[in-house]
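Everything below concerns the one structure shown next.
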Amino acid sequence: MEEKDIIQEEDSIVTFVDENGEEITFEFLDSIDYEGKEYLCLLPADEESSEIVILEIDPVDEENENYVAVMDEDILDAVYDIFKARYQDILQFEE
């Protein structure tokens, strides 16, 4: 997944359109700041998956932003570690 456009946001459900024009729906879990950038932590809403998706928010202007897949494993690990620390008393994580 690369750049996405957001088309709908309802409570904690967010729907994106991917580069192929396909809609993908996620449950919004958290927004995390890391090294001067903001990342979204999402859970696929249409699947039985428990794997969290992390997207970088790339501001375009004051009203628009792009959502970009994070390819750097170090950044993914760091953001996920922050997420786990925030929710360690609420969620159970598989190692």
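Given a cut-off of 15 Å, what percent of all Cα-Cα pairs of segment 14-53 lie beyond it? Don't skip to the answer; put the middle values down first.
Details: 374 of 780 pairs.
Considering segment 14-53, 48 percent of its Cα-Cα pairs are separated by more than 15 Å.
What's the FRET efficiency of Glu65 with Leu43 using the Cβ-Cβ distance as r and R₀ = 25 Å, to the nearest 0.05?
Details: r = 20 Å, r/R0 = 0.80.
FRET efficiency, Glu65 to Leu43: 0.80.
Every number in this text was worked out from the coordinates using simple rules, so none of it is lab data. Keep in mind that what you see is a predicted model, and the values were worked out from it rather than measured. We place every Cβ from the backbone using ideal geometry, glycine too, and count neighbours over all the protein chains shown.
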